[in-house]
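Undergrad: Following this message is one structure expressed as structure tokens.
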Amino acid sequence: MMAFTHMAAGGLFALQAIPFIAASPGKATFLLGGGIIGSLLPDIDHPSSSFGRRVLPVSLLLSATFGHRGITHSLFAVVAITLLVWFGLAKTGGYPDFVNPLAIGLSLGYLSHLFADYFTNSGVPLLWPNKRKFAFFFTVKTGSISEYVLAIVLYVVLYRNLVEVVNI
């Protein structure tokens, strides 16, 4: 999937958690922002991805070591990133009220990326280091018209849910 599709999915995943986690607009913003940012993180292993280009040395190292859709696209990575973000943000101090929503948003966004890639032809190695890739029986080719249609649907659903959650 392309970055714009992942961002819609990440926002949608995070948005579903707002009623349970974010009691204030500030917390909701951190949760939603975390979901959108987290949705791009797994592609850090792809040097030409939106996120990979921004951290190119790290992206090149991960790509050379694990390849694209390796460790960063696994359930192991979801747990590792969640723990790193949670403890890392907790240690920084600053705005402790926003640590949990941001960490949860990043984790949900990361998970949404794997979920979205599960619907692509390439699948995802959920059980890494086992290299078996899992894919849904109905897949979408990355960059195809069907992905653009899917992205539009996700953005419409995201907008409708956002309107409902914030009562606009």
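Undergrad: Can you tell me how many residues in segment 98-133 are aliphatic (A, V, I, L, M) and either more than 16 Å from Leu32 (Cβ to Cβ) or exposed (fewer than 12 other Cβ atoms within 10 Å of the Cβ) (or both)? Full working, then the answer.
TA: The first filter runs over segment 98-133 and keeps only residues aliphatic (A, V, I, L, M), leaving 99, 102-104, 106, 108, 111, 114, 116, 124, 126-127.
Within this subset, residues satisfying the condition of being either more than 16 Å from Leu32 (Cβ to Cβ) or exposed (fewer than 12 other Cβ atoms within 10 Å of the Cβ) (or both) are 114, 116, 124, 126-127.
Number of matching residues: 5.
Undergrad: Please tell me if Gly123 is touching a Phe, Trp or Tyr at 6+ places or on another chain (Cβ under 8 Å) and at pLDDT 90 or above.
TA: Yes: the conditions hold for Gly123.
Undergrad: Let me ask something else about it. State whether one or more residues within segment 114-127 are under 20 Å from Asn161 (Cα atoms) and assigned to a helix (DSSP H, G or I).
TA: Yes, the conditions are met somewhere in segment 114-127.
Undergrad: If you don't mind, another one. Any idea how many residues of segment 74-97 are assigned to a helix (DSSP H, G or I) and crowded, with 19+ Cβ neighbours inside 10 Å?
TA: First, pick out the residues of segment 74-97 that are assigned to a helix (DSSP H, G or I): 75-92, 96-97.
Adding the requirement that they be crowded, with 19+ Cβ neighbours inside 10 Å leaves 77-78, 81, 85, 89.
Adding up the residues that qualify gives 5.
Undergrad: Also: Filter segment 136-168 down to the residues that are among the charged types (D, E, K, R), assigned to a helix (DSSP H, G or I) and more than 16 Å from Gly10 (Cα to Cα) and list them by number.
TA: If the condition is that a residue be among the charged types (D, E, K, R), assigned to a helix (DSSP H, G or I) and more than 16 Å from Gly10 (Cα to Cα), then Glu164 is the only one that fits.
Undergrad: Would you pick out the residues in segment 1-26 that are aromatic (Phe, Trp, Tyr) and buried (at least 24 other Cβ atoms within 10 Å of the Cβ)?
TA: Listed by number, the list holds a single entry, Phe13.
Undergrad: In segment 27-41, what residues are surrounded by fewer than 21 Cβ atoms within 10 Å (Cβ to Cβ) and more than 11 Å from the chain's Cα centre (by Cα)?
TA: Lys27, Thr29
Undergrad: Ok, one more. With the requirement that a residue be within 12 Å of the chain's Cα centre (by Cα) and not aromatic (Phe, Trp, Tyr), what does segment 3-26 give you?
TA: Result: Ala3, Thr5, His6, Met7, Ala8, Ala9, Gly10, Gly11, Leu12, Ala14.
Undergrad: Out of all the residues in segment 52-96, which are closer than 17 Å to Ser122 by Cβ and either touching a Ser or Thr at 6+ places or on another chain (Cβ under 9 Å) or not aliphatic (A, V, I, L, M) (or both)?
TA: Answer for segment 52-96, where residues must be closer than 17 Å to Ser122 by Cβ and either touching a Ser or Thr at 6+ places or on another chain (Cβ under 9 Å) or not aliphatic (A, V, I, L, M) (or both): Gly52, Leu62, Ser63, Phe66, Gly67, His68, Arg69, Gly70, Ile71, Thr72, His73, Ser74.
Undergrad: If you don't mind, there's one more thing I want to ask. Sort out which residues of segment 94-128 are of a type outside the set (Ser, Thr, Tyr) and within 12 Å of His73 (Cβ to Cβ), and write them in order of number.
TA: Within segment 94-128, Leu111, His113, Leu114, Phe115, Ala116, Asp117, Gly123, Val124, Pro125, Leu126, Leu127, Trp128 qualify.
The values are calculated or read from the model by the stated rules, or taken from the named source; none is laboratory data. None of these values were measured; they are calculated from a predicted model. Using ideal geometry, Cβ is built from the backbone for each residue, glycine included, and neighbour counts are taken over all protein chains shown.
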